[in-house]
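Everything on this sheet refers to the single structure shown next.
The values are calculated or read from the model by the stated rules, or taken from the named source; none is laboratory data. All values derive from a computational prediction rather than experimental measurement. Positions of Cβ are backbone-derived with ideal geometry, glycine not excepted, and every protein chain shown enters the neighbour counts. Side chains are part of the model used for accessible areas, which takes the heavy atoms of the whole protein and leaves out ligands, DNA and RNA. Shrake-Rupley method; radii C 1.70, N 1.55, O 1.52, S 1.80 Å.
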Amino acid sequence: MKNSKVLRISVTDRCDLRCIYCMPEAGVPLVPMADMLSYEEIAMVARGAMAAGVRRFRLTGGEPLARRGVEALVRLLAALGPDDLALTTNGLHLADFAADLKAAGLMRVTVSLDTLRPDRFKAITRRTGLDRIPAGIEAARTAGLTPVKVNMVVIRGVNDDEVLDFVRFAGTEGVELRFIELMPTSGLTAECKELGAWRPALFVKSEEVRARIAEAFGPLERLPESDGVADMYLLGGRTRLGFIAPVSEPFCQGCGRLRLGPDGRLRICLFDRVGIDLRKMLREGQAGPSEIGAVITSAFEAKTTWERGAIESLSSDMFRIGG
Ligand code: SAM
Ligand code: SF4
């Protein structure tokens, strides 16, 4: 079985989209550049994480491709020899970056995409650019950043009528599709009011999405593997579908993720509002990989007794911490 310990590294809180469930239209107060970890500091934390048994890293954001020179960070992380080095992106700039990211040592990408319709893309992301995303997926595939995964957040009355189109899209594009339940985030509430709906009304259980797919395309074969958070299925012996159900089927017990924010705060959960200030340790305490490793080991221990609380009471700055 794969080592489940993962460090998700949010490299920036900047983003060129304003997804209605993630980032308010007006943007958010940004972490000043001087307070963001440098790539060398991030690599130091990654070395500490490896000392604590982490073998898998994922870069996220904000939009990771919005931070200048992110390939340099990929190169530093790849040099540590991880088992997995992936990146989650909104795909807008993937076509420009895919080959360089691969050359720097990135192994694979996940593209977030919630609609295949241009007018709806504009309504969901409050920006344009859908036409650039298929080229990004194609460039990632050509560069060998595979398997390319596509994440769709399913929202009732917003894009849930596209679930079957996405399954067809996954089949023709040869990508692995993952359906994600809408989660409560600090960016979400006001935006959903803007949509004239309230949160529970927007929520679609993973189980319902699965049932709709099975009704249209026939039975799904449950696969034994899971990457820790997604239940995996095979459709038609070929198309891999994942279902991530943090709301209806919380997976805290099997979760091996720690999250490093752009400001150097280490969190044991998306809903951990406090975290540990690694930037202070790095800059004031001159901590090295072994001290950071000890903190990361304790953070994994803290996860074993972590209780995130009832979903209705949760919130998270997803735009900063990374999904
Ligand atoms: N900008 C990159 C992207 O969109 O892929 C990386 C950061 S984004 C915060 C990471 C993932 O979090 C995306 O797949 C996004 O759809 C997901 N996400 C953001 N807010 C969410 C919410 N309220 N519920 C579920 N997923 C959410
Ligand atoms: Fe940006 Fe990703 Fe959040 Fe959309 S989900 S606003 S692309 S960080």
As an exercise: evaluate residue 114 against (1) in contact (Cβ under 8 Å) with a residue 60 or more places away in the chain; (2) in contact with a helix residue (DSSP H, G or I) (Cβ under 8 Å, 6 or more places away or on another chain); (3) surrounded by fewer than 19 Cβ atoms within 10 Å (Cβ to Cβ) and give the number of the one condition it does not meet.
(3)
Select from region 245-272 the residues that are surrounded by fewer than 21 Cβ atoms within 10 Å (Cβ to Cβ) and modelled with pLDDT of 95 or more and list them in ascending order.
263
Please verify whether region 89-110 includes one or more residues that are touching a Gly at 6+ places or on another chain (Cβ under 7 Å), open to solvent by 10 Å² or more (accessible area, probe 1.4 Å) and within 16 Å of ligand 1 (Cβ to nearest atom).
yes
Could you look through region 28-59, keep only residues that are open to solvent by 20 Å² or more (accessible area, probe 1.4 Å) and within 16 Å of ligand 1 (Cβ to nearest atom), and pick out the one that is nearest to residue 126 (Cα to Cα)?
28
What residue, of 155, 124, is in contact with a Cys (Cβ under 7 Å, 6 or more places away or on another chain) and under 20 Å from residue 203 (Cβ atoms)?
124
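Among the candidates 145, 164, which residue alone is assigned to a loop (DSSP other than H, G, I, E, B) and in contact with a helix residue (DSSP H, G or I) (Cβ under 7 Å, 6 or more places away or on another chain)? Step through it out loud before you land on a result.
Working: 164 fails: assigned to a loop (DSSP other than H, G, I, E, B).
None of the other options fit; the residue is 145.
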Residues (open to solvent by 60 Å² or more (accessible area, probe 1.4 Å) and either of a type in the set (Ser, Thr, Tyr) or under 18 Å from residue 57 (Cα atoms) (or both)) located in region 117-151
128, 142, 146, 147
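Wholly within region 218-271, which strands (runs of 3 or more DSSP E) include no fewer than the required count, namely at least 1 residues that are touching a residue at least 24 places away in the same chain (Cβ under 8 Å) and aliphatic (A, V, I, L, M)?
On the way: elements: 220-226, 230-235, 239-244, 257-260, 265-267.
Answer list for region 218-271: 230-235, 239-244, 257-260, 265-267.
Suppose the filter is touching a strand residue (DSSP E or B) at 6+ places or on another chain (Cβ under 9 Å) and open to solvent by 40 Å² or more (accessible area, probe 1.4 Å); does residue 165 pass it?
So residue 165 fails the test.
State yes or no: is residue 64 within 15 Å of ligand 1 (Cβ to nearest atom) and either over 20 Å from residue 140 (Cα atoms) or in contact with a strand residue (DSSP E or B) (Cβ under 6 Å, 6 or more places away or on another chain) (or both)? Break it down into steps so the answer makes sense when it comes.
On the way: within 15 Å of ligand 1 (Cβ to nearest atom): yes; either over 20 Å from residue 140 (Cα atoms) or in contact with a strand residue (DSSP E or B) (Cβ under 6 Å, 6 or more places away or on another chain) (or both): yes.
So residue 64 passes the test.
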